[in-house]
Amino acid sequence: MKPSFLASLLLAAVLGAGGSILLTHASPAQAQTSTASTDTVTIFVDATFGFRKKHMATQLTKTHAEYAARGYRYVDMAPYNENGDLVGFFVTYSKQ
């Protein structure tokens, strides 16, 4: 194998790992989808804040309350795991 190919492969691995670390610790991402019949919002609630998993229930309760105050109802929640570790939850709300 050529040394430049190995160097490129190593660089891609390092940049990929660095990007995933930055995305994991970034502020919660929000993806919004609107349809003609309903307004649906899916958000990501980060569980890695301060490397403590205990705050997750409190964080989800706050998120549920915030969206309920805006007129949304809870629809679904899916955990996001990476390498067997809980990273966060994708939570979907729908406009009432």
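The values are calculated or read from the model by the stated rules, or taken from the named source; none is laboratory data. Quantities reported herein were computed from a predicted structural model and do not represent experimental measurements. Note that each Cβ is placed from the backbone with ideal geometry, even for glycine, and that neighbours are counted across all protein chains shown.
Please verify whether THR92 is of a type in the set (Ser, Thr, Tyr), touching a residue at least 40 places away in the same chain (Cβ under 8 Å) and not in a loop (DSSP other than H, G, I, E, B), treating the condition exactly as stated.
It is true that THR92 is of a type in the set (Ser, Thr, Tyr), touching a residue at least 40 places away in the same chain (Cβ under 8 Å) and not in a loop (DSSP other than H, G, I, E, B).
Residue by residue through segment 50-96, note down the ones that are of a type in the set (Val, Ile, Thr), more than 15 Å from the chain's Cα centre (by Cα) and modelled with pLDDT of 85 or more.
THR61, VAL75
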